[in-house]
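**Q** One structure is given below, represented as structure tokens, and several questions about it will come after.
Just so it is clear, none of the values below were taken in a lab; they were calculated from the coordinates. As the structure is a computational prediction, the values presented were derived from the model and not from experiment. Every residue, glycine among them, receives a Cβ derived from its backbone with ideal geometry; neighbour counts consider all protein chains shown.
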């Protein structure tokens, strides 16, 4: 075990906030009733779920009956895309998405494609952002769903969701009534102030464990009037949209985390951004041949994605891990085949950069000392790996 | 399977990294699929490997296989080094997950290529 451990992988998951854990622990012990039961124990559980639903709705400016609790972001994305497409198939079978979606979106789209749906994947450019003009050019009369993430999970770039929401509203107003807009907001929820009416989305995905709640709970916002085919059937829970006994402790935890996020969002954002900027400034000053991936302005404040030339991401990741610094890479080498990060590849960069990309993501528990330690470890690891690399240019003195 | 202490030690403290200016056997092999790359340079005198250095680009097992390989072959005769197998290398590392065995295969391929190039 390394002497010091620094967690810089807050986009993968966040540590559970002790206040959230306390609320959850109370619910586990005290609120054990089935929320569908009529008796007092059940009513107590129902009240706890409803309280949480109000908090999650408030975090994104929604009404509480527009929130469907799920087991997490992946299930919410599945429910949104499959559910919407199955309910709208009679009106058209065309989906527009982006080239940099999370696998829980891109995988569902690919699955629907196999079943006869047509999928248009909008490119991103060097800045990692889709262009509205590409979207306009791709819209067809039989398009029923646009699913484009709010913020990318690897490079943090913010997509033009408000503009897309406006386009969808205009199209609906001029006759394309069955066009809907879903956005995967898993990375943005709790990190940016969000309002579903301002975004103009019909469906929005959230995940508890990205905002200091435990794993196993998420939610889908479903705008009033949007028709979805439930994917879990066999019960009346969640207004027929997600059958199954509610995960009351998980939902309570999510509700608590949502309330805290709403109350603390500004201070958390300032904190995370300051650490990220401190980190990036130090990297630029001390390490040569680095490329910072994605748009410099239109991106989440807690995340930095950097490619280090001449070295491979997984080697760097394990070297950092040996000294207690936890980060992530989108590339993976397995069974002799390398899968460079599809997101970094979509930026149009060369394979070496795509293989050498690392995501550093900061959170409310990190300190300036954490950043300084991580930089020291990173500088040493990059030097060590570059000394080993046949790609490193030989400096003739 | 978790990486062994030997693996972690070689990753944190690579042995024999670099190149030999007076090498008389050099090989540079690339895994065509994952692009991992290993360069081996040897000084061979009177049929014995007097010195070995390596450079590597790729996933951690490739970096570690290069380091461990140079330790295993230093001082060996060419004939002894030719007997070295992928399994020997994996044993010396303390094992690798099966999905990472390609790293040992690349190392042995590079060794054999270098040995056949002895000038």
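**Q** Between residue A:229 and residue B:33, what FRET efficiency comes out of the Förster formula 1/(1 + (r/R0)^6) with R0 = 56 Å and r the beta carbon distance, rounded to 0.05?
**A** Calculated transfer efficiency: 0.85.
**Q** Continuing with the same structure: For the Cα atoms of chain A, what angle does the longest principal axis make with the long axis of helix A:368-388, in degrees from 0 to 90, nearest 10?
**A** With both axes taken from Cα atoms, the answer is about 60 degrees.
**Q** Using a 10 Å cut-off around each Cβ of peptide B:32-45, what is the average number of partner chain Cβ atoms that fall inside?
**A** Across B:32-45, the average partner-chain Cβ count within 10 Å equals 3.
**Q** May I pose another question? If you restrict to DSSP beta bridges whose two residues both lie in the stretch A:182-225, what percentage is antiparallel, to the nearest 5?
**A** 55 percent
**Q** Further question on the same structure: Taking square-rooted eigenvalues a ≥ b ≥ c of the alpha carbon gyration tensor, is chain A rounded, prolate or oblate, where a/c under 1.5 means rounded and, failing that, a/b exceeding b/c means prolate?
**A** oblate
**Q** Mind checking which of A:354, A:110, A:76 has the largest fluctuation in a GNM of chain A, springs on alpha carbons under 10 Å?
**A** Fluctuation is largest for A:110.
**Q** Now for a different question. Averaged over A:312-321, how many beta carbons belonging to a partner chain fall within 10 Å of each residue's beta carbon?
**A** Mean partner-chain Cβ count within 10 Å for A:312-321: 5.
**Q** Next up: When ranked by the protection proxy of mean other Cβ atoms within 10 Å per residue, highest first, what sequence do the peptides B:82-92, A:376-386 form?
**A** A:376-386, B:82-92
**Q** Right, another one. What FRET efficiency do you get for residue A:39 and residue A:19 if R0 is 30 Å and r is their Cβ-Cβ distance, rounded to the nearest 0.05? Intermediate results must be reported in sequence, preceding the final value.
**A** On the way: r = 30 Å, r/R0 = 0.99.
My answer for the efficiency is 0.50.
**Q** If you build a Gaussian network model of chain A, linking Cα atoms that sit under 10 Å apart, which residue out of A:209, A:229, A:302 swings the most?
**A** Looking only at A:209, A:229, A:302, the biggest GNM fluctuation is shown by A:229.
**Q** Compute the helix-to-body angle for A:161-173: its Cα long axis versus the longest principal axis of chain A, expressed 0 to 90° and rounded to tens.
**A** 30 degrees
**Q** Okay, moving on. Report, as an integer, the average count of C-beta atoms from other chains found within 10 Å of each Cβ along B:55-67.
**A** Partner Cβ neighbours, averaged per residue: 6.
**Q** Mind checking the angle between helix A:18-30 and chain A's longest principal axis? C-alpha axes, 0 to 90 degrees, to the nearest 10.
**A** Result, in degrees: 40.
**Q** Then there's this: Can you work out the FRET efficiency for the pair residue A:115 and residue A:140, with r the C-beta to C-beta distance and R0 = 30 Å, to the nearest 0.05?
**A** 0.95
**Q** Right, another one. If you build the Cα gyration tensor of the stretch A:220-312 and take the root of 5 times each eigenvalue, what three semi-axes come out, in whole angstrom, biggest first?
**A** 41, 18, 13
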